[in-house]
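Asks: There's a structure below that I have some questions on.
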Amino acid sequence: MERPSGRTFTPRESVCPFCGVGCGVQYDPATGAARGWRGPVNTRGEVCPKGVAAFDVVDHEERLTRPLVREDDELVPATWEAALDRVATAFADALAVHGPESLAFFASSNCTNEENYLLAKLARALGTNTVDNCARLCHSSTVAAMRERFGAGAMTNTLVDIRETDALLVWGANPAVNHPIIFRSYLLPAIRDGATLIHVDPRETETTRVATHHLPVRPGYDIPLTNAMAAVVVEEGLTDETFLADRVSNVEAFRAFAEGVDVAATAELAGVDPDTLREAARAYAGADRAAMLTGMGTSQHHCGTDTVHALLNLALLTGNVGKRGAGVNPLRGQNNVQGAGDVGALPDVLPGYRRVTDPDARREVAAVWGFDPPAEPGLTEVEATHEFGESVHVAYVLGENPLVTEPNADRVREQFARLDCLVVQDLFLTETARVADVVLPGSAWAERGGTVTNTDRQVLRMRPNGDPPGDARRDLDILCAVGRRLTDLPFDYDGPEAVFEELRRVTPLYAGMSYDGIGTGSQRWPFPEGTSEGLAVLHRDRFASGRRRADLRIVDHVDPADGVDDDHLVLTTGRVLEHFNSGALTRRSGILVRLRPADALQIHPDDAADRGIADGDRVAVESARGAVTATADLTPAIRRGTVFSTFHFADPLVNRLTGDALDPVSRIPEYKHSAVRVAPADEGGP
Ligand code: SF4
């Protein structure tokens, strides 16, 4: 069907570009919008409002249709030849003057496995491991802890499993809003069948409405809460002794630690009622099968890795690992946040999470790539940004918008200005693209083929419904063209299937898969060569680490990076149903943008009264890093002392307030606890 723009589209089964659920969507000629098809996850073809609006950005009038280059401080249209020449010159100059460590590559959790794989390979071909993706900012701590203890940084179980559970422990997540199809199609049926939901969140959200127990944890105090729950489990004899004897180590030391925890005092520190905490611990530990679902409320702390370690203790103590209807299940954010890591768009690992420091892994990859990848781990995303103008001089950003998504945004903007050259490959002139030196117009979800890997490890295929507009090109073609300019390698793949075939050879988790075999269904990792299907439940007889046992880990509370005095409130940030990530896509949707004001700051009525703030007032919000103006949204649904805002908007840019203290292991920033002062905007606010 031809549209007013003159472009034609044909419905073909693809995948929603937004969250990690991975719903099947395609163009609908009857409505000119997107519609669901019966995919492997949304088996009835259902989609949430974002899925319905997914086509809004594909044929949007603000799409970039020509490359842009900076001339006299302005971005002006250029030919592909001229734009790629600028890229090649900038990279060659930086390499000649400063060496490979002066280059940084930001891959994208919103691009396909094949696109991420090629960008990561390009970085390594140029001699650097400084390639990362925005999974760094959401669940890198989860992946770090789960990889270390269990051997795999991913959901231990499947979405289908959730329907079989007897208790759901949803921690730091709001799936009713952020993963709506998981909530409707998997969680709600389990609850209707009698499963108990325990919800841990500083706010009462849409998810809390179906919970039996709500623990409104004080932001930054998840470790004390977890330790107190573990103490109740030990004290009340709710441990799974058979599992502990067979599959767990360090049991007695942990038991002694748990026996020393003062449950009442620790509950008070975590900001929850001790009796409710006890009931929640009993509900989780007493269930035959209890599944934990975690979100960014657990991971986005400067002690995020330790927080996840503490949660893993609960699952191990109660024997909720390695069986159906149980496990630890991080709900991933963007549609390919799992896959971007799987295929090696991370600074410390090659495809398949094999360490860059492992000579055997490097040798195996080199046999396919034809060159040796560098052995030194590179910089993570925020670390790289902090090095702009120091050790890093040129950056390539594929499909991400770090000027909005990274914490301490005023500092981020200053750092980007220090680069000799910034290349951005994207659909729109995003906040990051606006400060670039070269902008390469890429492809939207409905214009690309390739694979993405959803939150429960299912690899799904995208299919183009049409061509990119104007002179915009498919991202894979752009990356091949850049690869040919910057290296001596051929970068001559004949489409995404050819790249998938290669990445399969260097990614043991994907080795047994085939592009045809995925078809309109899915294949799940781990899927080793020579097997007929992927593994649904991980860690059954042995952990993915290869070990029979995982250890219980004693984890102590770490104070949040920001100190809080009586004047301060604690800002925590999160998502809303209608928007996604930096909002670069959803803010342009005519449907979605009307549904939600950008600048609401949820505040408890008592905290508002203390400050002379009424509902709907303009308020000034200020942290040690920066300040924004917002509109007060008074609600008792948020705990006292805490305020909440979304992070989807450039105005107000809430990440001007958040801090860049990093977790020592995963280097995830502390998004979930920022000390802020809130006052009526007319009293000297920003
Ligand atoms: Fe898209 Fe996620 Fe909504 Fe499914 S639940 S339609 S994947 S945003």
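Asks: Any residue in region 57-79 that is hydrophobic (A, V, I, L, M, F, W, C), out of contact with any Asp or Glu (no Cβ under 8 Å at 6 or more places or on another chain) and within 16 Å of the ligand (Cβ to nearest atom)?
Replies: Yes, region 57-79 contains at least one residue that is hydrophobic (A, V, I, L, M, F, W, C), out of contact with any Asp or Glu (no Cβ under 8 Å at 6 or more places or on another chain) and within 16 Å of the ligand (Cβ to nearest atom).
Asks: Just to be sure before I move on: is residue 658 open to solvent by less than 20 Å² (accessible area, probe 1.4 Å), under 30 Å from residue 383 (Cα atoms) and polar (S, T, N, Q) in the structure I sent?
Replies: It is true that residue 658 is open to solvent by less than 20 Å² (accessible area, probe 1.4 Å), under 30 Å from residue 383 (Cα atoms) and polar (S, T, N, Q).
Asks: Restricting to region 206-223, name every residue that is more than 16 Å from the ligand (Cβ to nearest atom) and closer than 22 Å to residue 19 by Cβ.
Replies: Matches in region 206-223: 208, 209, 210, 211.
Asks: Going by what's in this entry, would residue 242 be described as of a type in the set (Ser, Thr, Tyr), touching a strand residue (DSSP E or B) at 6+ places or on another chain (Cβ under 6 Å) and either over 30 Å from residue 634 (Cα atoms) or at pLDDT 95 or above (or both)?
Replies: No: the conditions fail for residue 242.
Asks: Limited to region 594-622, what total is found for residues that are assigned to a loop (DSSP other than H, G, I, E, B) and farther than 25 Å from residue 584 by Cα?
Replies: Residues in region 594-622 being assigned to a loop (DSSP other than H, G, I, E, B) and farther than 25 Å from residue 584 by Cα: 8 in total.
Asks: Condition first: open to solvent by less than 20 Å² (accessible area, probe 1.4 Å), not aliphatic (A, V, I, L, M) and not in a helix (DSSP H, G or I). Now tell me which residues in region 410-425 satisfy that.
Replies: 421, 425
Asks: Out of everything in region 383-409 that is among the small types (Gly, Ala, Ser) and touching a residue at least 40 places away in the same chain (Cβ under 8 Å), what residue ends up being most open to solvent (accessible area, probe 1.4 Å)?
Replies: 391
Asks: Moving on. Inside region 27-39, can you point out the residues that are of a type outside the set (Phe, Trp, Tyr) and within 12 Å of the ligand (Cβ to nearest atom)?
Replies: 34, 35, 36, 39
Asks: Right, another one. Give me the strands (runs of 3 or more DSSP E) completely within region 23-139, filtered to those with at least 3 residues that are within 22 Å of residue 11 (Cβ to Cβ) and either touching a strand residue (DSSP E or B) at 6+ places or on another chain (Cβ under 9 Å) or modelled with pLDDT under 95 (or both), ordered by residue number.
Replies: Here the list reads 24-28, 33-36.
Asks: Sort out which residues of region 10-22 are away from the ligand (no atom under 11 Å from the Cβ) and either at pLDDT below 95 or charged (D, E, K, R) (or both), and write them in order of number.
Replies: 12, 13
Asks: Can you name the condition, by its number, that residue 461 falls short on among (1) over 18 Å from residue 61 (Cβ atoms); (2) under 21 Å from the mean Cα position of the chain (by Cα); (3) part of a loop (DSSP other than H, G, I, E, B)?
Replies: (3)
Asks: What pairs come up if the first residue lies in region 14-33 and is farther than 20 Å from residue 138 by Cα and acidic (Asp, Glu), the second is within 6 Å of the ligand (Cβ to nearest atom) and in a loop (DSSP other than H, G, I, E, B), and their beta carbons are under 6 Å apart, counting only those six or more places apart or on different chains?
Replies: Note: no pairs meet the criteria.
Asks: Those residues that are open to solvent by 50 Å² or more (accessible area, probe 1.4 Å) and either closer than 23 Å to residue 538 by Cα or not in a helix (DSSP H, G or I) (or both), I need them from region 226-277; list them, please.
Replies: Of everything in region 226-277, those that are open to solvent by 50 Å² or more (accessible area, probe 1.4 Å) and either closer than 23 Å to residue 538 by Cα or not in a helix (DSSP H, G or I) (or both) turn out to be 236, 237, 241, 242, 245, 246, 250, 260, 262, 273.
The values are calculated or read from the model by the stated rules, or taken from the named source; none is laboratory data. These figures come from a predicted structure and were not determined experimentally. Glycine gets a Cβ as well: all are built from the backbone with ideal geometry, and neighbour counts include every protein chain shown. Calculation scope for accessible area: heavy atoms of the full protein, side chains included, ligands and nucleic acids excluded. Shrake-Rupley method; radii C 1.70, N 1.55, O 1.52, S 1.80 Å.
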